[in-house]
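The values are calculated or read from the model by the stated rules, or taken from the named source; none is laboratory data. Treat the numbers as computed from the prediction; the structure is a model and nothing was measured. Here the Cβ positions follow ideal geometry from the backbone for every residue, glycine too, while neighbour counts run over all protein chains shown. These area figures cover heavy atoms from the full protein model, side chains too; ligands, DNA and RNA do not enter into them. Shrake-Rupley method; radii C 1.70, N 1.55, O 1.52, S 1.80 Å.
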Amino acid sequence: MQIGNRFFDVENETYVCGILNVTPDSFSDGGRYAETDAAMYRAEQMILEGAALIDVGGESTRPGFEPVSVETECERVIPVIEKIKNTFDIPVSVDTSKSAVAREALLAGADVVNDIWGLRANQEMGRLIAGQGACCILMHNRPQNDYTDIIRDIKEDLQKSIDSALQCGIDSGRIIVDPGIGFAKDYEQNLTVLKYLEAFKELGYPLLLGTSNKSVIGTALALPVEERLEGTLATTALAVAKGCAFVRAHDVRANLRIIRMLQTIRDKG
């Protein structure tokens, strides 16, 4: 899979997508990287630690989040994306569900649009991504967590997102899917998705898992957000075992070490 100027072996490798939240209110690192200089310092750290992709977000999507305007979101993410692309040789993703923000981000050099609604909330988004020849991450989400058979229902929802992407003209080789841990799913539902993670590979597209420091880990271990690294690493190990191509993570170094150790056992043992 080609993302920007880099090739990703999504059949055999698991890559770390580093999370860079340039927001004052994100659940895990809110406010820490809201200023451009701090964001650039963090981006460089993650690159040195081995991040293969940087995901820049300008609007918190934690439970109960307050939406921000297009203007505010652009003011947060565009300078950071431009500076990363002008300074480092790494693919960049923009985490947004607004087509106007995605447009400006792609013009600023972003290579991927990470849409938490999987193109299903914004009719313009798919056409925009296709027109720019960009990649997309189609995440599963719903207004409510009402399921008959959660694995089957999520697969059906993701297939609708995939169909929409293809109908808009997005190349099939530029699609990544994400089952959406923490979105429209309660604690038990999140655990079920993790348990049967391999089912989503049946859709035929590279799979991304985003669990880093999320509430499913906090609930399982009864730990605050700043103490969820070990739980996150357990889910990263699961992602490798289940064949995920990407994990989205705050702590790049630790997650990459887990991945490399497991892949070494797999390939050299």
### Message
Tell me yes or no: at least one residue of segment 105-128 is under 22 Å from ARG42 (Cα atoms), out of contact with any strand residue (DSSP E or B) (no Cβ under 8 Å at 6 or more places or on another chain) and not polar (S, T, N, Q).
### Response
yes
#### Entry: Residue among ILE90, ILE84, ILE54 that alone is within 20 Å of ASN213 (Cα to Cα) and open to solvent by less than 20 Å² (accessible area, probe 1.4 Å)
ILE54
### Query
Does GLU230 meet the test of being modelled with pLDDT of 95 or more, loosely packed, with under 14 Cβ neighbours inside 10 Å, acidic (Asp, Glu) and over 23 Å from VAL252 (Cα atoms)?
no
#### Entry: Which numbered condition ALA43 misses (of (1) modelled with pLDDT of 95 or more; (2) open to solvent by 10 Å² or more (accessible area, probe 1.4 Å))
(2)
### Task
Tell me which residues, restricted to segment 93-110, are closer than 26 Å to HIS140 by Cβ, open to solvent by 30 Å² or more (accessible area, probe 1.4 Å) and either in contact with a Gly (Cβ under 7 Å, 6 or more places away or on another chain) or part of a helix (DSSP H, G or I) (or both).
ALA100, ARG103, GLU104
### Query
Only one residue in THR219, THR148, THR192 is open to solvent by 20 Å² or more (accessible area, probe 1.4 Å), of a type in the set (Val, Ile, Thr), over 14 Å from ILE116 (Cα atoms) and not in a helix (DSSP H, G or I), so which one is that?
THR148
## Note on the structure
The residue from ILE78, ILE54 that alone is β-branched (Val, Ile, Thr) and in contact with a Phe, Trp or Tyr (Cβ under 9 Å, 6 or more places away or on another chain) is ILE54
### Query
If a residue has to be within 21 Å of LYS85 (Cβ to Cβ) and open to solvent by 30 Å² or more (accessible area, probe 1.4 Å) to count, how many in segment 112-129 make the cut?
0
## Note on the structure
Selection from segment 195-216 of residues assigned to a helix (DSSP H, G or I), among the polar types (S, T, N, Q) and open to solvent by less than 10 Å² (accessible area, probe 1.4 Å) yields none
### Query
Just one of ILE175, ILE162, ILE259, ILE170 is in contact (Cβ under 8 Å) with a residue 40 or more places away in the chain, crowded, with 16+ Cβ neighbours inside 10 Å, farther than 21 Å from ILE116 by Cβ and not aromatic (Phe, Trp, Tyr); which is it?
ILE259
